[in-house]
Amino acid sequence: MDRRALIEDRLRAAFEPLALDVLDESAKHRGHAGAAAGGGHFRVRLVSERFRGRSRLERHRLVYDALAVELGPEIHALALELRSPEER
């Protein structure tokens with residue numbers, strides 16, 4: 001399974017999203033020293049009920065927890081756009 005699909009599967013399981021986009025932006029960062037070990041650069045756009053009433057920091061922590069195993073070896077950089085349904 002590729003990294004993008006792995007991230008998407010983990011996020012679907014953890015958040016039951018109303019909307020989810022996982023974009024692999026690794027090609028934009030070719031040659032970047034931090035990505036030399038193979039970790040990719042990803043952008044995630046996620047809408048979930050689990051974000052309702054939570055701060056931006058709390059939302060980010062929830063996503064980092066869901067992706068804890070992949071952070072580091074599989075994911076070098078992660079840009080997050082996290083919204084609750086009313087913020088769509």
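Filter the stretch 13-25 for residues that are more than 11 Å from the chain's Cα centre (by Cα) and modelled with pLDDT of 95 or more; which is farthest from Phe51 (Cα to Cα)? Steps first, please.
Start the filter on the stretch 13-25 by keeping residues that are more than 11 Å from the chain's Cα centre (by Cα), which leaves 13-19, 25.
Checking which are modelled with pLDDT of 95 or more leaves us with 13-19.
Numbers: Ala13: 15, Ala14: 12, Phe15: 9, Glu16: 11, Pro17: 10, Leu18: 11, Ala19: 13 Å.
Looking at the filtered set, the residue picked out is Ala13.
Working only within the stretch 66-86, note down all residues that are part of a helix (DSSP H, G or I) and in contact with a helix residue (DSSP H, G or I) (Cβ under 8 Å, 6 or more places away or on another chain).
Quick first cut of the stretch 66-86, residues part of a helix (DSSP H, G or I) only: 66, 85-86.
Those that are part of a helix (DSSP H, G or I) and in contact with a helix residue (DSSP H, G or I) (Cβ under 8 Å, 6 or more places away or on another chain): Ala66, Pro85.
The values are calculated or read from the model by the stated rules, or taken from the named source; none is laboratory data. It should be emphasised that the depicted structure is a prediction, and the values quoted were computed from it without experimental measurement. Glycine also receives a Cβ, built like all others from the backbone with ideal geometry; neighbour counts cover every protein chain displayed.
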